[in-house]
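The structure appears below as C-alpha coordinates.
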Amino acid sequence: MTPQILAIVMAVVLLVAVIVLLRSYVLPEKYAVLWLIAAVAAIVLSAWPGLLEAVSRFFGIASAINLLFVGAFFVMFLLLMQITLELARTRDELRRAVQRLALDVEKASRDNDN
Amino acid sequence: MRVLVAVPALNEAEVIGQVLKSLSAAHPLADVVIVDDGSRDATASIARAAGAHVVSHAINLGVGAAMGTAFKYAVRNGYDAVIQFDGDGQHRTEHIHELIEALDGADIVIGSRFAVGGSYKSSAARRSVQRLIAGVTSLFARTRLTDATSGFRIAGPRALAVFAEHYPVEWLGDTVESIVLATRQNLTVREIPVDMNERAGGVPSQSVFRATLYTARILFILGLSTIRSVPPSVRKARQRAIAEVAA
(Lines give C-alpha, C1' and ligand atoms only; values in the text may rest on other atoms or scores of the structure.)
Protein backbone atom coordinates (compact mmCIF):
# COMPACT_ATOMS: atom_id res chain seq x y z
CA MET A 1 0.00 0.00 0.00
CA THR A 2 1.44 3.35 -0.98
CA PRO A 3 1.27 6.33 1.39
CA GLN A 4 -0.90 8.13 -1.14
CA ILE A 5 -3.67 5.54 -0.86
CA LEU A 6 -3.52 5.83 2.93
CA ALA A 7 -3.85 9.62 2.62
CA ILE A 8 -6.83 9.33 0.28
CA VAL A 9 -8.55 6.81 2.56
CA MET A 10 -8.10 9.12 5.57
CA ALA A 11 -9.47 12.10 3.64
CA VAL A 12 -12.49 10.11 2.49
CA VAL A 13 -13.12 8.91 6.06
CA LEU A 14 -13.11 12.59 7.14
CA LEU A 15 -15.64 13.52 4.44
CA VAL A 16 -17.93 10.58 5.27
CA ALA A 17 -17.77 11.46 8.98
CA VAL A 18 -18.81 15.04 8.23
CA ILE A 19 -21.71 13.89 6.04
CA VAL A 20 -22.94 11.34 8.60
CA LEU A 21 -22.86 13.98 11.37
CA LEU A 22 -24.72 16.45 9.12
CA ARG A 23 -27.31 13.86 8.17
CA SER A 24 -28.20 13.05 11.75
CA TYR A 25 -28.60 16.75 12.71
CA VAL A 26 -25.59 16.60 15.06
CA LEU A 27 -23.39 19.01 13.10
CA PRO A 28 -25.17 22.33 12.36
CA GLU A 29 -24.96 23.93 8.89
CA LYS A 30 -23.06 26.88 10.27
CA TYR A 31 -19.95 24.80 10.93
CA ALA A 32 -20.55 22.24 8.19
CA VAL A 33 -19.33 24.51 5.36
CA LEU A 34 -15.88 24.81 6.89
CA TRP A 35 -15.53 21.08 7.53
CA LEU A 36 -16.84 20.14 4.09
CA ILE A 37 -14.27 22.46 2.48
CA ALA A 38 -11.51 20.96 4.66
CA ALA A 39 -12.53 17.40 3.77
CA VAL A 40 -12.75 18.10 0.04
CA ALA A 41 -9.40 19.93 0.11
CA ALA A 42 -7.83 16.94 1.86
CA ILE A 43 -9.14 14.59 -0.82
CA VAL A 44 -7.96 16.81 -3.68
CA LEU A 45 -4.49 17.29 -2.19
CA SER A 46 -4.01 13.59 -1.44
CA ALA A 47 -5.32 12.42 -4.81
CA TRP A 48 -3.35 15.01 -6.78
CA PRO A 49 0.08 15.59 -5.19
CA GLY A 50 1.22 17.53 -8.26
CA LEU A 51 -1.06 20.41 -7.24
CA LEU A 52 0.83 20.92 -3.98
CA GLU A 53 4.15 20.86 -5.88
CA ALA A 54 2.93 23.44 -8.38
CA VAL A 55 1.62 25.82 -5.70
CA SER A 56 4.91 25.44 -3.77
CA ARG A 57 6.93 26.35 -6.85
CA PHE A 58 4.69 29.40 -7.36
CA PHE A 59 5.45 30.66 -3.84
CA GLY A 60 9.12 29.70 -4.16
CA ILE A 61 8.97 27.09 -1.41
CA ALA A 62 11.69 24.46 -1.94
CA SER A 63 9.97 21.54 -0.23
CA ALA A 64 6.25 21.03 -0.92
CA ILE A 65 5.69 19.40 2.45
CA ASN A 66 6.53 22.72 4.16
CA LEU A 67 3.65 24.41 2.35
CA LEU A 68 1.35 21.67 3.61
CA PHE A 69 2.53 22.18 7.19
CA VAL A 70 2.22 25.97 7.03
CA GLY A 71 -1.20 25.74 5.39
CA ALA A 72 -2.51 23.16 7.84
CA PHE A 73 -1.14 25.17 10.77
CA PHE A 74 -2.94 28.28 9.52
CA VAL A 75 -6.26 26.46 9.02
CA MET A 76 -6.00 24.91 12.51
CA PHE A 77 -5.31 28.36 13.93
CA LEU A 78 -8.45 29.78 12.28
CA LEU A 79 -10.60 26.86 13.46
CA LEU A 80 -9.35 27.21 17.03
CA MET A 81 -9.91 30.95 16.96
CA GLN A 82 -13.48 30.44 15.74
CA ILE A 83 -14.16 27.90 18.49
CA THR A 84 -12.70 30.21 21.15
CA LEU A 85 -14.89 33.10 20.00
CA GLU A 86 -17.99 30.89 19.89
CA LEU A 87 -17.23 29.59 23.38
CA ALA A 88 -16.86 33.13 24.72
CA ARG A 89 -20.16 34.15 23.16
CA THR A 90 -21.95 31.05 24.43
CA ARG A 91 -20.66 31.63 27.98
CA ASP A 92 -21.92 35.19 27.84
CA GLU A 93 -25.35 34.09 26.62
CA LEU A 94 -25.55 31.37 29.24
CA ARG A 95 -24.73 33.85 31.99
CA ARG A 96 -27.40 36.24 30.79
CA ALA A 97 -30.00 33.47 30.47
CA VAL A 98 -29.32 32.15 33.99
CA GLN A 99 -29.46 35.64 35.49
CA ARG A 100 -32.74 36.31 33.73
CA LEU A 101 -34.16 32.96 34.90
CA ALA A 102 -33.11 33.64 38.50
CA LEU A 103 -34.78 37.06 38.49
CA ASP A 104 -37.97 35.67 36.91
CA VAL A 105 -38.21 32.77 39.39
CA GLU A 106 -37.78 35.20 42.29
CA LYS A 107 -40.50 37.44 40.85
CA ALA A 108 -42.84 34.48 40.31
CA SER A 109 -42.42 33.25 43.90
CA ARG A 110 -43.09 36.77 45.21
CA ASP A 111 -46.25 36.99 43.05
CA ASN A 112 -47.45 33.64 44.42
CA ASP A 113 -47.05 34.85 48.01
CA ASN A 114 -49.32 37.83 47.39
CA MET B 1 -60.56 25.13 15.42
CA ARG B 2 -58.46 27.11 17.88
CA VAL B 3 -55.97 29.26 16.01
CA LEU B 4 -52.99 30.96 17.62
CA VAL B 5 -51.39 33.98 15.98
CA ALA B 6 -47.67 33.98 16.79
CA VAL B 7 -45.71 37.19 16.31
CA PRO B 8 -41.92 36.85 16.47
CA ALA B 9 -40.57 40.28 17.43
CA LEU B 10 -37.13 41.75 17.97
CA ASN B 11 -36.83 45.39 19.04
CA GLU B 12 -40.18 46.39 17.50
CA ALA B 13 -41.26 48.79 20.26
CA GLU B 14 -41.99 51.52 17.71
CA VAL B 15 -44.48 49.52 15.69
CA ILE B 16 -45.66 46.60 17.86
CA GLY B 17 -48.47 48.64 19.45
CA GLN B 18 -49.86 49.57 16.05
CA VAL B 19 -49.45 46.00 14.75
CA LEU B 20 -51.40 44.58 17.70
CA LYS B 21 -54.08 47.23 17.34
CA SER B 22 -54.77 46.25 13.73
CA LEU B 23 -54.41 42.58 14.62
CA SER B 24 -57.10 42.86 17.29
CA ALA B 25 -59.66 43.66 14.60
CA ALA B 26 -59.02 40.31 12.89
CA HIS B 27 -58.20 38.01 15.78
CA PRO B 28 -58.83 38.08 19.56
CA LEU B 29 -55.67 39.24 21.32
CA ALA B 30 -56.19 36.49 23.92
CA ASP B 31 -55.18 34.09 21.14
CA VAL B 32 -52.10 36.06 20.14
CA VAL B 33 -48.63 35.37 21.49
CA ILE B 34 -45.69 37.69 20.99
CA VAL B 35 -42.41 35.82 21.05
CA ASP B 36 -40.00 38.52 22.12
CA ASP B 37 -36.66 37.25 20.88
CA GLY B 38 -34.41 39.01 23.35
CA SER B 39 -35.47 42.59 22.60
CA ARG B 40 -33.56 45.32 24.41
CA ASP B 41 -36.40 47.83 24.13
CA ALA B 42 -39.96 47.96 25.48
CA THR B 43 -41.44 45.49 22.94
CA ALA B 44 -42.55 42.99 25.62
CA SER B 45 -44.15 45.47 28.01
CA ILE B 46 -46.00 47.31 25.22
CA ALA B 47 -47.36 44.02 23.86
CA ARG B 48 -48.42 42.86 27.34
CA ALA B 49 -50.15 46.16 28.03
CA ALA B 50 -52.03 45.80 24.71
CA GLY B 51 -53.50 42.52 25.96
CA ALA B 52 -51.48 39.89 24.11
CA HIS B 53 -49.60 37.04 25.74
CA VAL B 54 -45.84 37.53 25.72
CA VAL B 55 -43.11 34.92 25.84
CA SER B 56 -39.65 36.43 26.17
CA HIS B 57 -36.39 34.80 25.20
CA ALA B 58 -33.65 35.79 27.64
CA ILE B 59 -31.21 36.05 24.72
CA ASN B 60 -31.61 36.53 20.97
CA LEU B 61 -32.01 33.14 19.27
CA GLY B 62 -33.34 34.04 15.81
CA VAL B 63 -36.72 33.86 14.08
CA GLY B 64 -36.61 30.07 13.70
CA ALA B 65 -36.12 29.54 17.43
CA ALA B 66 -38.85 32.11 18.17
CA MET B 67 -41.30 30.15 16.02
CA GLY B 68 -40.14 26.93 17.68
CA THR B 69 -41.13 28.46 21.01
CA ALA B 70 -44.47 29.55 19.55
CA PHE B 71 -45.26 26.01 18.34
CA LYS B 72 -44.43 24.55 21.75
CA TYR B 73 -46.63 27.24 23.36
CA ALA B 74 -49.47 26.30 20.99
CA VAL B 75 -49.29 22.57 21.81
CA ARG B 76 -49.10 23.28 25.53
CA ASN B 77 -52.16 25.51 25.42
CA GLY B 78 -54.29 23.26 23.22
CA TYR B 79 -54.28 25.18 19.93
CA ASP B 80 -54.95 23.39 16.61
CA ALA B 81 -53.16 25.75 14.24
CA VAL B 82 -50.54 28.51 14.34
CA ILE B 83 -50.31 31.58 12.11
CA GLN B 84 -46.94 33.25 11.82
CA PHE B 85 -47.38 37.00 11.61
CA ASP B 86 -44.44 39.41 11.51
CA GLY B 87 -44.08 42.07 14.17
CA ASP B 88 -42.78 44.76 11.82
CA GLY B 89 -46.09 45.66 10.21
CA GLN B 90 -45.35 43.98 6.88
CA HIS B 91 -48.22 41.51 6.99
CA ARG B 92 -51.86 42.46 6.54
CA THR B 93 -54.49 41.28 8.95
CA GLU B 94 -57.24 40.91 6.34
CA HIS B 95 -55.47 37.79 4.99
CA ILE B 96 -55.66 35.94 8.31
CA HIS B 97 -59.12 34.57 7.60
CA GLU B 98 -58.09 33.56 4.09
CA LEU B 99 -55.17 31.58 5.52
CA ILE B 100 -57.45 29.79 7.99
CA GLU B 101 -59.97 28.95 5.27
CA ALA B 102 -57.25 27.69 2.91
CA LEU B 103 -56.07 25.28 5.61
CA ASP B 104 -58.99 23.07 4.63
CA GLY B 105 -57.28 20.34 2.60
CA ALA B 106 -53.69 21.36 3.34
CA ASP B 107 -51.32 21.16 6.30
CA ILE B 108 -49.44 24.37 5.60
CA VAL B 109 -50.65 27.45 3.72
CA ILE B 110 -48.17 30.13 2.71
CA GLY B 111 -49.15 33.70 1.95
CA SER B 112 -47.29 34.43 -1.29
CA ARG B 113 -46.28 37.93 -2.38
CA PHE B 114 -45.62 36.78 -5.91
CA ALA B 115 -48.59 34.53 -6.64
CA VAL B 116 -51.08 35.63 -9.28
CA GLY B 117 -53.29 38.27 -7.75
CA GLY B 118 -50.64 39.87 -5.55
CA SER B 119 -49.25 43.34 -6.22
CA TYR B 120 -45.94 43.30 -4.36
CA LYS B 121 -43.30 45.55 -5.88
CA SER B 122 -39.64 44.64 -5.72
CA SER B 123 -36.50 44.97 -7.83
CA ALA B 124 -35.85 42.57 -10.71
CA ALA B 125 -32.79 41.08 -8.99
CA ARG B 126 -34.69 40.40 -5.80
CA ARG B 127 -37.52 38.82 -7.73
CA SER B 128 -35.26 36.48 -9.69
CA VAL B 129 -33.52 35.39 -6.48
CA GLN B 130 -36.89 34.63 -4.92
CA ARG B 131 -37.96 32.81 -8.08
CA LEU B 132 -34.86 30.61 -7.98
CA ILE B 133 -35.36 29.71 -4.31
CA ALA B 134 -39.07 29.09 -4.84
CA GLY B 135 -38.36 26.95 -7.90
CA VAL B 136 -36.00 24.64 -6.03
CA THR B 137 -38.29 24.47 -3.02
CA SER B 138 -41.23 23.59 -5.30
CA LEU B 139 -39.36 20.49 -6.43
CA PHE B 140 -39.26 19.30 -2.83
CA ALA B 141 -42.84 20.24 -2.04
CA ARG B 142 -44.09 18.64 -5.29
CA THR B 143 -46.37 21.63 -5.76
CA ARG B 144 -45.79 25.02 -7.35
CA LEU B 145 -44.73 27.62 -4.81
CA THR B 146 -43.88 31.17 -5.81
CA ASP B 147 -42.69 32.57 -2.47
CA ALA B 148 -40.87 30.02 -0.32
CA THR B 149 -39.33 32.60 2.02
CA SER B 150 -42.59 34.27 3.01
CA GLY B 151 -42.98 34.45 6.78
CA PHE B 152 -46.77 34.85 6.55
CA ARG B 153 -48.14 31.31 6.89
CA ILE B 154 -50.35 28.95 8.83
CA ALA B 155 -49.51 25.48 10.12
CA GLY B 156 -52.41 23.08 10.70
CA PRO B 157 -52.70 20.33 13.37
CA ARG B 158 -50.42 17.78 11.70
CA ALA B 159 -47.74 20.35 10.84
CA LEU B 160 -48.00 21.79 14.34
CA ALA B 161 -47.23 18.38 15.86
CA VAL B 162 -44.05 18.13 13.75
CA PHE B 163 -42.91 21.73 14.25
CA ALA B 164 -43.40 21.62 18.01
CA GLU B 165 -40.83 18.81 18.07
CA HIS B 166 -38.41 20.31 15.58
CA TYR B 167 -38.28 23.66 13.84
CA PRO B 168 -35.21 24.79 11.86
CA VAL B 169 -33.19 27.43 13.68
CA GLU B 170 -30.49 28.33 11.18
CA TRP B 171 -30.27 31.99 10.22
CA LEU B 172 -32.52 32.74 7.20
CA GLY B 173 -33.14 29.03 6.64
CA ASP B 174 -36.22 28.46 8.77
CA THR B 175 -38.85 29.45 6.18
CA VAL B 176 -37.49 27.27 3.38
CA GLU B 177 -36.23 24.37 5.47
CA SER B 178 -39.53 24.03 7.33
CA ILE B 179 -41.29 23.49 3.98
CA VAL B 180 -38.87 20.70 3.07
CA LEU B 181 -39.17 19.18 6.55
CA ALA B 182 -42.97 19.20 6.35
CA THR B 183 -42.97 17.72 2.85
CA ARG B 184 -40.73 14.88 4.01
CA GLN B 185 -43.32 14.08 6.67
CA ASN B 186 -45.89 13.75 3.87
CA LEU B 187 -47.61 17.00 4.78
CA THR B 188 -49.19 19.07 2.02
CA VAL B 189 -48.18 22.66 1.33
CA ARG B 190 -50.10 25.20 -0.72
CA GLU B 191 -50.14 28.95 -1.14
CA ILE B 192 -52.56 31.80 -1.52
CA PRO B 193 -51.83 35.28 -2.90
CA VAL B 194 -51.42 38.06 -0.31
CA ASP B 195 -50.49 41.70 -0.38
CA MET B 196 -47.83 43.01 1.94
CA ASN B 197 -47.09 46.47 3.28
CA GLU B 198 -43.77 48.21 2.97
CA ARG B 199 -41.80 47.49 6.11
CA ALA B 200 -42.78 49.96 8.80
CA GLY B 201 -39.52 49.57 10.67
CA GLY B 202 -36.08 48.25 9.80
CA VAL B 203 -34.24 48.40 6.49
CA PRO B 204 -34.30 45.34 4.20
CA SER B 205 -30.86 44.23 3.10
CA GLN B 206 -30.31 45.32 -0.48
CA SER B 207 -26.59 44.97 -1.20
CA VAL B 208 -25.57 42.55 -3.94
CA PHE B 209 -23.04 40.83 -1.67
CA ARG B 210 -25.62 40.10 1.03
CA ALA B 211 -28.15 38.93 -1.53
CA THR B 212 -25.65 36.51 -3.03
CA LEU B 213 -24.65 35.20 0.38
CA TYR B 214 -28.32 34.81 1.27
CA THR B 215 -29.11 32.87 -1.91
CA ALA B 216 -26.05 30.64 -1.58
CA ARG B 217 -26.92 29.88 2.01
CA ILE B 218 -30.51 28.94 1.26
CA LEU B 219 -29.50 26.78 -1.69
CA PHE B 220 -26.90 25.08 0.55
CA ILE B 221 -29.57 24.38 3.17
CA LEU B 222 -31.87 23.01 0.45
CA GLY B 223 -29.11 20.78 -0.90
CA LEU B 224 -28.31 19.61 2.59
CA SER B 225 -31.88 18.64 3.26
CA THR B 226 -31.74 16.15 0.38
CA ILE B 227 -29.24 14.03 2.33
CA ARG B 228 -30.69 14.68 5.75
CA SER B 229 -32.84 12.12 7.49
CA VAL B 230 -35.72 12.79 9.86
CA PRO B 231 -34.72 14.90 12.90
CA PRO B 232 -34.33 12.56 15.92
CA SER B 233 -36.97 14.42 17.97
CA VAL B 234 -39.56 14.10 15.18
CA ARG B 235 -38.82 10.40 14.74
CA LYS B 236 -39.24 9.79 18.49
CA ALA B 237 -42.52 11.69 18.54
CA ARG B 238 -43.84 9.61 15.67
CA GLN B 239 -42.84 6.38 17.41
CA ARG B 240 -44.65 7.58 20.55
CA ALA B 241 -47.77 8.30 18.49
CA ILE B 242 -47.67 4.84 16.85
CA ALA B 243 -47.20 3.22 20.28
CA GLU B 244 -50.22 5.12 21.62
CA VAL B 245 -52.41 3.96 18.74
CA ALA B 246 -51.29 0.37 19.27
CA ALA B 247 -51.92 0.50 23.01
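For the reader, a short list of remarks on this structure follows.
- Selection from segment B:29-69 of residues that are assigned to a helix (DSSP H, G or I), within 14 Å of chain A (Cβ to nearest Cβ) and β-branched (V, I, T): B:T69
- Residue among A:S46, A:S56 that alone is touching a residue at least 24 places away in the same chain (Cβ under 8 Å) and assigned to a helix (DSSP H, G or I): A:S46
- Residue list for segment B:146-171, filter: closer than 15 Å to B:Y73 by Cα and either part of a loop (DSSP other than H, G, I, E, B) or not β-branched (V, I, T) (or both): B:A155, B:G156, B:P157, B:A159, B:L160, B:A161, B:F163, B:A164, B:E165, B:H166, B:Y167
- Near pairs, Cβ below 6 angstrom, 6+ apart or cross-chain, from segment A:19-31 (not assigned by TED's automatic domain parsing to the domain that holds A:L79) to any residue that is hydroxyl-bearing (S, T, Y) and in a loop (DSSP other than H, G, I, E, B): A:R23/B:S229
- Matching option when the condition is of a type outside the set (D, E, K, R) and within 14 Å of chain B (Cβ to nearest Cβ), among A:T84, A:T90: A:T90
- Top-ranked residue of segment B:1-28 - restricted to ones that are assigned to a helix (DSSP H, G or I) and touching a helix residue (DSSP H, G or I) at 6+ places or on another chain (Cβ under 6 Å), ranked as surrounded by the most Cβ atoms within 10 Å (Cβ to Cβ): B:I16
- B:R240 vs. criteria in a helix (DSSP H, G or I) and within 14 Å of chain A (Cβ to nearest Cβ): no
- Test: A:A38 is assigned by TED's automatic domain parsing to the domain that holds A:L14, modelled with pLDDT of 85 or more and part of a helix (DSSP H, G or I): yes
- Condition met for B:G89 (under 13 Å from the mean Cα position of the chain (by Cα), over 23 Å from B:P157 (Cβ atoms) and surrounded by fewer than 21 Cβ atoms within 10 Å (Cβ to Cβ)): no
- Considering residues of segment A:1-31 that are modelled with pLDDT under 85 and under 15 Å from the mean Cα position of the chain (by Cα) only, the residue farthest from the other protein chains (Cβ to nearest Cβ): A:Y31
- Residue within segment B:214-234 that is farther than 27 Å from B:T143 by Cβ, away from every other protein chain (no Cβ under 11 Å) and modelled with pLDDT under 90 present: no
- Among (1) out of contact with any Phe, Trp or Tyr (no Cβ under 6 Å at 6 or more places or on another chain); (2) more than 21 Å from B:E198 (Cα to Cα) - the single one B:F71 does not satisfy: (1)
- The set of residues in segment A:41-76 that are under 28 Å from B:I218 (Cα atoms) and under 13 Å from the mean Cα position of the chain (by Cα) comprises A:V75, A:M76.
- Selection status of B:T143, in a loop (DSSP other than H, G, I, E, B), over 28 Å from A:Y31 (Cα atoms) and modelled with pLDDT under 90: yes
- Filter pass, B:I96 being buried (at least 20 other Cβ atoms within 10 Å of the Cβ), under 29 Å from A:R95 (Cα atoms) and hydrophobic (A, V, I, L, M, F, W, C): no
- Checking B:E165 against (1) within 20 Å of B:F85 (Cβ to Cβ); (2) within 14 Å of chain A (Cβ to nearest Cβ); (3) among the acidic types (D, E), the condition it does not meet: (1)
- Condition met for B:Y214 (in a helix (DSSP H, G or I), touching a Ser or Thr at 6+ places or on another chain (Cβ under 8 Å) and among the hydroxyl-bearing types (S, T, Y)): yes
The values are calculated or read from the model by the stated rules, or taken from the named source; none is laboratory data. All of these numbers come straight from a predicted model, not from anything done at the bench. For neighbour counting, all protein chains shown are included, and Cβ atoms are generated from backbone atoms with ideal geometry for every residue, glycine included.
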